[in-house]
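The structure appears right after this line, and notes come after that.
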Amino acid sequence: MTDANQNVEPRAPVDMTLADMTLADPGIHRCPFGYYAKMQEESPVHYDRHTDLWMITRYDDVVSAAGAWERFSSHIDMRRDVSNVDPTEADELFKRDGYFVEDVLSQVDPPRHTPFRRLVEKLFTGPAVKRMHDYLDTHVVELIDTFADRGRADFYHEFAVPLPVDVIADQLGLPRSDGMKLKRWTDAFIASFDATITAERKLECVKGILEFQKYFVTKRDEKLAQPGDDLLSMLVAARKDDGAPLTIEEYLALCAQLMVAGNETTRNVLLAGLHKLVTDPALQIRLRRSPELIPRFVDEMLRLEAPAQGLFRRCTREVTLGGVKLPEGAKVLLLFGAGNRDPRAFPNPDEVVLDRPNGNRHLAFGYGIHSCIGRTLATAELTIAFTRLLERLDDIRLAPDAPTPQIIPHFNMRGLDGLSIVFRKVS
Ligand code: HEM
């Protein structure tokens, strides 16, 4: 039987025709890899009539499209172009109780993209992340120490959620005690991008986003009155190329993107990686014996379980990709998760192979001008986390009495809903 939650999916033969299949089918998006493989073989640039989306599935095509922002624009109105839910009610709530959600950074093309990118990217350079190494290591160990003596842990709530939330809270200069609020708001943003969201859930998300706005406006006032050595103070003080400060809408949108981009994604790779290790004890033993392989394991987990399986683009004109003509205005899903399992790029694509010559050329962090600003930070967090977990906890297994982890339903994001473990503490 194909277990939808296994990290490594067998290439299950798919007995439906492509025309009947869609990522909007919960069964398929829980385990999309057979669908991806079928599209790669039969229709690599595939029009899905159910969602009105063009699916780009082969590695080379995803790279070509992600690298051609002039033809594949990121300026998509997620609320109108992708969701089926009428956005009017949500727009009115934002107008009445908060701020319009401005398009910045990941949702805009040059020239608007460039100054935002410049502003944020300098904070996460290689040297900046290197300086964070001891701080990350200390925090990882602190988190493990909270449960190590117990011999069991709710890994989701005790490690995978707090680690990335604390890191981004610390960077932004927010108290760690606000971490759970930040997580709730991040989840609201992510859910609101789901192309299959219901109107009711959408309104719940809007309420979460309005709370987020109120909180970050208060923080802005605090940082203006008393600037610190943190990211939020830097954003509040920042000047655009024309010398003007960020508008409140731009500031809120940038805060949201930093929080959203870094939280759920890192959490999901922590969960996928540990789930892989508990279901593959031989790999666990191998990595414990050869920790120098952990960075390669991290890359393989990013490749196999990319949290952002696909992201949206819109064709600015008629475009030919992979021999297929896409019309002007076509809505496109760049399937990073499919490109990552394209056998043309990664032989034995469903297996963890620790000596791939191109192991770090996966697409989990995207490609092109929008590629992930937090890549170095996320990779450092993940590598330190798995290194310390394997060093301090032995024989990690799924807790036998806990529910089986399930993939959270979401059209284009991938992550587990929980993971409880038992282990022996290394003395
Ligand atoms: C495992 C963790 C992460 C994954 C898998 C991931 C994935 C991605 C992907 C796929 C994109 C490309 C978006 C596109 O092409 O439209 C992206 C962009 C971005 N990421 Fe990450 N990300 C991660 C962690 C982080 C962290 C920790 C931060 C911040 C501290 C961050 C900040 C950003 C930002 C700001 C962008 C937008 C860049 C732009 O549009 O120019 N990410 N990320």
Sorting Arg96, Arg112 on the 10 Å Cβ count, fewest up front, what's the list? Arg96, Arg112
FRET efficiency, 1/(1 + (r/R0)^6) with R0 22 Å, evaluated for Arg112 and Thr88 via beta carbons: 0.30
Does a label point 7 Å from the Cα of Arg96, set along Cα-to-beta-carbon, have any residues of the range 198-217 with amide nitrogen under 18 Å, and which are they? 199-214
Provide the three semi-axes, in whole Å and in decreasing order, of the ellipsoid equivalent to the range 272-414 as defined by the square roots of 5 times the Cα gyration tensor eigenvalues. 33, 17, 14
What net charge do the residues around Gly126 carry, taking every other residue with its C-beta under 15 Å from that of Gly126, with Lys and Arg at +1 and Asp and Glu at -1? +2
So if each residue of separation counts as 0.36 nm, and I subtract the Cα-Cα distance between Asp395 and Thr247, what length gain in nm does that give? 48.1 nm
Would the range 35-122 count as rounded, prolate or oblate if I go by the C-alpha gyration tensor, calling it rounded below 1.5 in a/c and otherwise prolate when a/b exceeds b/c, oblate otherwise? oblate
Difference of contour (0.36 nm per residue) and Cα-Cα distance, His157 to Ala128: 7.6 nm
Count neighbours as other Cβ atoms within 10 Å of each site's Cβ, and list the trypsin sites (Lys or Arg not before Pro) in the range 391-427 that are DSSP loop with at most 12 such neighbours. none
Proxy exposure order for Cys315, Cys255 (fewest C-beta within 10 Å first) is Cys315, Cys255
Once Rh is set to the Kirkwood radius over Cα pairs, what Stokes-Einstein translational diffusion coefficient, in µm²/s, holds for the chain at a temperature of 4 °C and a viscosity of 1.567 mPa s? 58 µm²/s
Let me make sure I get this right: for the range 155-249, a, b and c are the square roots of the gyration tensor eigenvalues over alpha carbons, sorted descending. Under 1.5 in a/c it's rounded, otherwise prolate if a/b > b/c, else oblate. Which is it? oblate
Could you calculate the contour length gain from Glu121 to Asp355, that is, 0.36 nm times the residue separation minus the distance between their Cα atoms, to one decimal place in nm? 81.2 nm
To the nearest 20 Debye, how big is the dipole of the range 242-310 about its Cα centre, given +1 on the beta carbon of each Lys and Arg and -1 on that of each Asp and Glu? 620 debye
Applying the gyration tensor rule to the Cα atoms of the range 303-355 (axes a ≥ b ≥ c; rounded if a/c under 1.5, else prolate if a/b exceeds b/c, else oblate), the class is oblate
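Taken together, the values in this text are just the output of simple stated rules run on the coordinates, not laboratory data. For clarity, every value in this text was computed on a predicted model and none was experimentally measured. Ideal geometry is used to build each Cβ from the backbone, glycine not excepted, and the neighbour counts take in all protein chains shown.
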